[in-house]
Amino acid sequence: VQLQASGGGLVQAGGSLRLSCAASGIIFSTNLMGWYRQAPGKERELVAVIPARGNPDYAASVKGRFSISRDNAKNTVYLQMNSLEPEDTAVYYCNSDNYRGIIHWGKGTLVTVSS
């Protein structure tokens, strides 16, 4: 199983980035997909999740600024991040959950937002 995240980088406050996570080795369309982040010195936290069917959900801190989406034909989940703030600086990870206790994590991608 591989979850390959990409799209991180350095951006000024107020800017935008789009993260992508390409999955292989799982039945992507049946998995809950999520984005998490971990800032220096802090615990990993949920950013957004999108179920196999149904509506996505967001952490309160990103609601209205971030948007998660998925393309089942490409086995890819996206995180569109707008109006970025320095507090959004973190390593962003994607994960998959098959609803049966099997969870996989990808290697993270670093997002740095300068003030």
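The values are calculated or read from the model by the stated rules, or taken from the named source; none is laboratory data. From a predicted model like this one, the values you see are computed outputs, not experimental measurements. Neighbour counts run over all protein chains shown; Cβ positions are idealised from the backbone, glycine included. Each accessible area value is taken on the protein alone, full model and side chains, heavy atoms only, with ligands, DNA and RNA left out. Shrake-Rupley method; radii C 1.70, N 1.55, O 1.52, S 1.80 Å.
This model, with +1 at the C-beta of Lys and Arg and -1 at the C-beta of Asp and Glu, gives the chain a dipole about its Cα centre of some 240 debye.
Just so you know, the Rg over Rh for the chain is 0.95, from Cα atoms, with Rh as the Kirkwood radius. Quick check: at a probe of 1.4 Å, how many percent of the accessible area of the chain sits on carbon and sulfur atoms? Result for the chain: 48 percent of the exposed heavy-atom area is carbon or sulfur. Between the listed residues 90, 112, 47, the Cα displaced farthest toward the positive end of the dipole of segment 1-113, a dipole computed from Cβ unit charges relative to the Cα centre, is found at 47.
A crude spin-label estimate for the pair residue 61 and residue 24, with each label 7 Å from Cα along the Cβ direction, gives 3.3 nm.
Probing with 1.4 Å while keeping every protein chain in the model, the per residue accessible area of segment 2-115 equals 54 Å². List the chymotrypsin sites (Phe, Trp or Tyr not before Pro) in segment 72-115 that DSSP assigns to loop (not H, G, I, E or B) and whose Cβ has at most 14 other Cβ atoms within 10 Å. Which are they? The qualifying sites are 99.
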